[in-house]
1. Please list, ordered by first then second residue, the pairs with beta carbon atoms under 9 Å, 6 or more apart or interchain, first in the range 268-286 and closer than 12 Å to Leu92 by Cα, second part of a helix (DSSP H, G or I) and of a type in the set (S, T, N, Q).
2. So, in the range 156-175, how many residues would count as being buried (at least 16 other Cβ atoms within 10 Å of the Cβ) and either free of Cβ contacts under 8 Å to residues at least 60 places away in the same chain or in a helix (DSSP H, G or I) (or both)?
3. State the number of residues belonging to the range 212-230 that are assigned to a helix (DSSP H, G or I) and either in contact (Cβ under 8 Å) with a residue 60 or more places away in the chain or buried (at least 22 other Cβ atoms within 10 Å of the Cβ) (or both).
4. Among the residues of the range 79-97 satisfying the criterion of being without any contact (Cβ under 8 Å) to a residue 60 or more places away in the chain and touching a helix residue (DSSP H, G or I) at 6+ places or on another chain (Cβ under 7 Å), which is surrounded by the fewest Cβ atoms within 10 Å (Cβ to Cβ)?
5. Which of (1) over 30 Å from Val86 (Cα atoms); (2) surrounded by 15 or more Cβ atoms within 10 Å (Cβ to Cβ); (3) acidic (Asp, Glu) is the odd one out, the single condition Asp270 does not satisfy?
6. If we only count helices (runs of 4 or more DSSP H) wholly inside the range 23-141, which ones have 1 or more residues that are under 22 Å from Ile191 (Cα atoms) and out of contact with any Ser or Thr (no Cβ under 9 Å at 6 or more places or on another chain)?
7. Restricting the search to the range 176-185, which residues are in contact with a Ser or Thr (Cβ under 7 Å, 6 or more places away or on another chain) and either closer than 12 Å to Leu115 by Cβ or not assigned by TED's automatic domain parsing to the domain that holds Ala217 (or both)?
8. Kindly indicate whether Phe286 is under 20 Å from Leu55 (Cα atoms) and part of a helix (DSSP H, G or I).
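The values are calculated or read from the model by the stated rules, or taken from the named source; none is laboratory data. Computed from a predicted structure; not experimentally measured. Virtual Cβ from ideal backbone geometry, glycine too; neighbours counted across all protein chains shown.
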Amino acid sequence: MTTETTVANATEVLTTGKARRRQRGSSYYRGRGAVSSVVKHISLILVSLVMIYPLLWLVASSLKPNSEIFRNLTIFPTDITFDNYVNGWNDLAYPFGVFLLNSTLISVGAILGNLISCSLAAYAFGRLKFHGRNIFFAIMLMTIMLPFQVVLIPQFTIFKELGWLNTFLPLIVPKFAATDAFFVFLMVQFIRALPGEIFEAARIDGAGHPRMFLQVALPLMVPALATTTIFTFIWTWGDFFGPLLYLRLPETFPVSVALKGFLDAQSSSDYGSMFAMSVVSLIPLFIAFLVGQRYLIKGFATTGIK
């Protein structure tokens, strides 16, 4: 009886000791994990501040007089003024609203072109079976690596012969030819991820490819279409080289080219007004990203692009 009691007591002591050691180890790892989490968050906050500082400086500079912009590099203006916004809106050849409208028209045209042409091309590559499909798809992907400068002169010559210079057509019409291979690839990946049974059921119901594209594929491609819309808007709105190449009349300038009008190499430059209008031109980009952020993440998550 005494031996059994002794063994039981020893077992209890060992069990209690192991439990205490596990508890201490668990507390140690929890404390270590908390410290690691705090350090990680502080590091992310510091990196975020470094990355966002140029934007904060831009906004702060738009509220400073021209004489203070480069003399005071902090993001806290000592003399706040809104004259830069008033002057920037009216100082160019046309009110800045004209340039915002031009950018909007070009962006909307490019978005419609990419949505229509890229979705059609993606459906063809993703669902149709035709001779040479893989070869054509590979050629299309190779165009992503083709530098823009290679086709610059031929494109300019074609648009000049067509009489499209000083119009928005060179910036919009090519989008209706599925020239942005990245978005075609994005949508192809999305279509191939859709269950084939959906299309087979539609085919049994008598649907042809036009009906399957419009009533089956497109409603399911909303995340990919939203991703295409957001990226097309951002890239088109901020494009500088294309409008600079094809547009010469001030009334046709988008905001990216119009902002250059505040700089003058032969006289004084109005940096305050330029910064103020830069802030104004960034507002649509922030709105587009905030509105479509959910679809943007979902679009990349469901297409397999990392």
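1. Asp270/Asn66; Asp270/Asn84; Asp270/Asn87; Ser273/Asn66; Ser273/Asn84; Ser273/Asn87; Met274/Asn84; Met277/Asn84
2. 7
3. Initially, the range 212-230 is screened for residues assigned to a helix (DSSP H, G or I), giving 212-220, 222-230.
From what's left, either in contact (Cβ under 8 Å) with a residue 60 or more places away in the chain or buried (at least 22 other Cβ atoms within 10 Å of the Cβ) (or both): 212-213, 217-218, 222-230.
Of the residues in that region, 13 qualify.
4. My answer is Asp79.
5. (1)
6. Here the list reads 96-127.
7. Those that are in contact with a Ser or Thr (Cβ under 7 Å, 6 or more places away or on another chain) and either closer than 12 Å to Leu115 by Cβ or not assigned by TED's automatic domain parsing to the domain that holds Ala217 (or both): Phe176, Ala178, Phe183.
8. yes
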